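See structure below.
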Amino acid sequence: MERAFDTVILDNSEESVKRAAELLKRGEVVGMPTETVYGLAANALDPAAVEKIFIAKGRPQDNPLIVHVAGFDMIAPLVTEIPALARRCAEVFWPGPLTMIMPKSELIPKTTSGGLDTVGIRMPSNKTARRLIRECGFPIAAPSANLSGSPSPTKASHVFNDMDGRIPCIIDDGSCAVGVESTVIAFEGDKIRLLRPGFISREEMSEIAEVIVDKGVTEAVASDAAVASPGMKYKHYSPKADVTIVRGDDESFEVFAMEMAGQGVWFMTFGKEDTEAKGANVIPYGETDEEQAARLFDVLRELDEVGAERVYARCPRETGVGLAVYNRLLRAAGFKVIEL
Ligand code: AMP
Ligand code: MG
């Protein structure tokens with residue numbers, strides 16, 4: 001893509017929000033912080049503006065965008081029906097990292113919904129994001145602000161690296177607190193279908209309704225398959241290195257790492273192992289699920305910077321926020337898992 005802008009990083013101020021809102025009102029695309037990852041924002045109701053998001057990211061046209069609102073009051077015009085269970089989930093989890101799929105109204109262009117008759121809506125907890133939406137007065141479509149296929153951005157500098165020249169500005173609100181994209185759910189009668197795990201966990205939602213975990217959360221989906229959530233089909237979050245997940249305890253991982261260590265080989269550890277002391281290349285990505293979620297994408301980008309060729313990552317837990325980490329890492333690894 002040809003350089004269209006000298007991209008600037010703006011501080012997180014009232015003035016920056018006004019400047020970004022002016023650009024959005026003119027149909028431009030800007031980098032916006034949220035609590036999950038940085039988003040590439042545009043007017044969700046303007047197909048020409050939304051089209052620019054797909055171009056800037058190189059995103060497949062059938063991959064729908066999440067629509068961000070600043071309050072529950074903004075939803076009614078965007079959907080034909082608000083299921084009772086959606087109201088309940090909004091009461092408990094909004095503002096926050098939960099996206100709910102609902103039948104869309106005429107107001108949402110097909111460009112935004114990736115051709116679907118439904119729309120994914122969320123109310124972010126990040127205050128700057130909500131201020132920006134209120135200042136614009138319209139809902140904002142915002143996928144993660146990375147080039148399609150790269151790890152999602154959790155810092156303004158990540159957005160800059162991918163989007164320099166493609167968008168006019170990015171508002172910098174530091175590192176994203178959550179670090180993985182929102183939980184995505186759909187409603188099936190009185191049940192919740194989990195399409196993409198995130199910080200709002202399956203266990204938390206189970207307090208409200210029965211949760212069905214879609215197969216696509218932990219299994220590879222064929223690129224021509226009909227799926228409930230198009231994003232499942234695409235390779236995601238990949239650094240240049242060849243990533244493999246390694247499932248095993250501390251001790252067996254130590255032994256494995258000693259065997260595999262070598263030039264260009266890196267180990268994504270939890271942090272407490274002493275693999276490094278024995279001369280292997282190690283990047284720790286955290287001991288708790290929450291730390292791992294917050295660090296994962298930054299670590300995947302760091303691995304590119306250090307020129308890693310092969311990466312062995314310790315397997316996260318599959319419960320709580322760990323399921324979100326596992327889901328992203330599986331995609332980064334092209335579903336390659338070694339059992340020790
Ligand atoms: P991203 O914008 O990169 O966080 O990706 C958003 C993801 O949310 C998409 O890849 C879809 O998997 C999912 N999604 C968004 N809208 C819908 C929808 N209407 N139906 C099903 N899944 C959706
Ligand atoms: Mg994305």
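Coordinate-derived values only; no laboratory data. If you're wondering where the values come from, they're calculated on a predicted model, not measured in any experiment. Cβ: placed from backbone, ideal geometry, glycine included. Neighbour counts: every protein chain shown.
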Going through region 47-96 in order, the residues found to be in a helix (DSSP H, G or I), charged (D, E, K, R) and farther than 19 Å from residue 140 by Cβ are 87, 88, 91
Restricting the search to region 208-227, which residues are assigned to a loop (DSSP other than H, G, I, E, B) and either polar (S, T, N, Q) or under 20 Å from the mean Cα position of the chain (by Cα) (or both)?
214, 218, 219, 220, 221, 223, 227
When both residues are 6+ apart or on different chains and their Cβ atoms are under 7 Å apart, which pairs have a first residue that lies in region 30-49 and is closer than 16 Å to residue 179 by Cβ, and a second that is among the acidic types (Asp, Glu)?
33/173; 36/181; 37/181
Whether any residue in region 110-118 is polar (S, T, N, Q) and in a strand (DSSP E or B) is what I want to check.
yes
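Give the residue that is nearest to ligand 2 (Cβ to nearest atom), with candidates limited to residues of region 164-175 that are surrounded by fewer than 24 Cβ atoms within 10 Å (Cβ to Cβ) and either charged (D, E, K, R) or under 20 Å from residue 68 (Cβ atoms) (or both). Talk me through it step by step, then tell me what you get.
First, the residues of region 164-175 that are surrounded by fewer than 24 Cβ atoms within 10 Å (Cβ to Cβ): 164-166, 168-169, 172-175.
Filter again for either charged (D, E, K, R) or under 20 Å from residue 68 (Cβ atoms) (or both), leaving 164, 166, 168-169, 172-175.
Numbers: 164: 18, 166: 16, 168: 21, 169: 20, 172: 20, 173: 18, 174: 20, 175: 17 Å.
Looking at the filtered set, the residue picked out is 166.
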Among the numbered criteria (1) assigned to a loop (DSSP other than H, G, I, E, B); (2) β-branched (Val, Ile, Thr); (3) within 16 Å of ligand 2 (Cβ to nearest atom), which single criterion is violated by residue 184?
(1)
Within region 131-147, how many residues are out of contact with any strand residue (DSSP E or B) (no Cβ under 9 Å at 6 or more places or on another chain) and more than 18 Å from residue 170 (Cβ to Cβ)?
2
Give the residue, chosen from 139, 83, 64, that is buried (at least 23 other Cβ atoms within 10 Å of the Cβ) and closer than 15 Å to residue 186 by Cβ.
64
Condition first: under 23 Å from residue 120 (Cβ atoms), away from ligand 2 (no atom under 15 Å from the Cβ) and part of a loop (DSSP other than H, G, I, E, B). Now tell me which residues in region 15-32 satisfy that.
27, 28
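Looking at residue 223, is it of a type in the set (Ser, Thr, Tyr) and in contact (Cβ under 8 Å) with a residue 60 or more places away in the chain?
No.
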Kindly establish whether residue 154 is β-branched (Val, Ile, Thr) and surrounded by fewer than 24 Cβ atoms within 10 Å (Cβ to Cβ).
no
